[in-house]
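Just so it is clear, none of the values below were taken in a lab; they were calculated from the coordinates. Remember, predicted model here, so these are calculated numbers, not experimental data. All Cβ positions, even for glycine, are placed from backbone atoms using ideal geometry, and neighbour counts span all protein chains on display.
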Amino acid sequence: MSNSQNNKIYPKKWLGVFCGAYEGKDDTVHDLVEELGEALARNQIGLVYGGGGIGVMGLIADAVLENNGWVMGVVPKNLLETEMAHASLDELVIVETMHERKRTMYERADIFCALPGGLGTLEEIFEATTWTKLKLHEKYKEVILLDNNGFWGEFIDLLDQITASGFIKPKDRAIISRTDSVSTIISKFENC
């Protein structure tokens with residue numbers, strides 16, 4: 001399947017990205033997002049994300065599209081205006097509920113990546129991880145936190161503390177990893 005308007009190749013592998021509807025205060029995250037977007041396009045890995053045209057969501061979609069990569073956005077009807085659905089996506093799927101949004105993203109993605117974000121990003125990290133733990137995905141799907149200036153450091157410390165306290169099994173804790181390297185994320189697609 002290809003997009004005849006720009007001769008894009010429909011991806012065989014997909015990265016599900018969780019990220020914020022705000023841009024945050026650290027402008028260096030923009031460089032990280034641009035690097036990830038370029039790497040996805042160069043490696044013909046599709047981006048599936050929340051479909052917004054604002055914040056880090058808009059930045060990652062733009063970065064992939066500017067490098068002739070494929071982007072699928074999934075937006076619930078009630079967020080079409082507030083998250084300002086991106087106008088230039090290859091695919092925009094409009095769903096009824098947030099649950100349906102996440103389920104659609106989870107089904108498409110082979111691996112998940114979290115960029116800096118807020119409450120929604122945290123919720124998506126935990127739900128995707130729980131789905132992997134409970135084997136609700138059709139295959140094992142890890143969640144990689146793409147770090148920027150130590151953004152995820154205290155979150156990782158919290159997960160490690162909860163694991164040390166016996167509330168998360170080490171094998172389940174291993175579903176979530178952290179990296180500051182885009183190439184580490186791309187290399188994960190060799191085994192999925």
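Observations
- Span from the region 36-50 Cα centroid across to the region 103-128 one, whole angstrom: 15 Å
- Scanning residues 5 or more positions from Cys113 or on other chains, those with amide H under 5 Å from its amide H are Gly16, Val17, Phe18, Ile144, with H placed 1.01 Å from N in the peptide plane.
- Seen from a random direction on average, the alpha-carbon convex hull of the chain projects onto 10.5 square nanometres.
- Simple label model, 7 Å out from Cα along Cβ direction - Glu66 to Asn191, nm: 3.3 nm
- Angle in degrees between helix 98-108 and the longest Cα principal axis of the chain, rounded to the nearest 10: 80 degrees
- In terms of other Cβ atoms within 10 Å, Phe112, Phe126, Phe151 run from fewest to most in the order Phe126, Phe151, Phe112.
- CD proxy at 222 nm, helix term only [per DSSP H run n ≥ 4: -39500 (n - 2.57); per residue of the chain; nearest 500]: -12000 deg cm²/dmol
- Considering only Val17, Val182, Val33, the mean-square fluctuation computed in a Gaussian network model of the chain, springs between alpha carbons under 10 angstrom, is largest for Val182.
- Dimensions of region 83-181 from C-alpha coordinates, computed as largest minus smallest value along each principal axis and given longest first, are 44, 32, 22 Å.
- Among the listed pairs Lys13/Lys133; Lys77/Lys102; Lys8/Lys133; Lys25/Lys188, those beyond 24 Å (Cα-Cα): Lys8/Lys133; Lys25/Lys188
- Taking amide hydrogens as placed 1.01 Å from N in the peptide plane, the amide H of Val74 sits under 5 Å from those of Tyr49, Gly50, Gly51, Val93, each at least 5 positions away in sequence or on another chain.
- Close amide H partners of Asp180, meaning residues 5 or more places away or on another chain with modelled amide H under 5 Å apart, are Asp147.
- Val95, Val56, Val74 arranged by Cβ crowding within 10 Å, fewest neighbours leading: Val95, Val74, Val56
- The phi torsions of region 57-66, fed into the Karplus equation with coefficients 6.51, -1.76 and 1.60 and a -60° offset, translate into couplings of 4, x, 5, 5, 4, 4, 4, 6, 4, 5 Hz, rounded to whole numbers, with Gly and Pro shown as x.
- Extension gain for Lys139-Glu96 works out to 12.9 nm (0.36 nm per residue, less the C-alpha to C-alpha distance).
- Considering only Trp70, Trp152, Trp14, the mean-square fluctuation computed in a Gaussian network model of the chain, springs between alpha carbons under 10 angstrom, is largest for Trp152.
- The longest part of the chain holding none of the exposed loop trypsin sites (Lys or Arg not before Pro), meaning those outside H, G, I, E and B in DSSP with at most 12 other Cβ atoms within 10 Å, is 26-134.
- Angle of helix 119-133 to the longest C-alpha principal axis of the chain, folded into 0 to 90 degrees and rounded to 10: 70°.
- Between 0 and 90°, nearest 10: helix 28-42 axis offset from the chain longest Cα axis: 60 degrees
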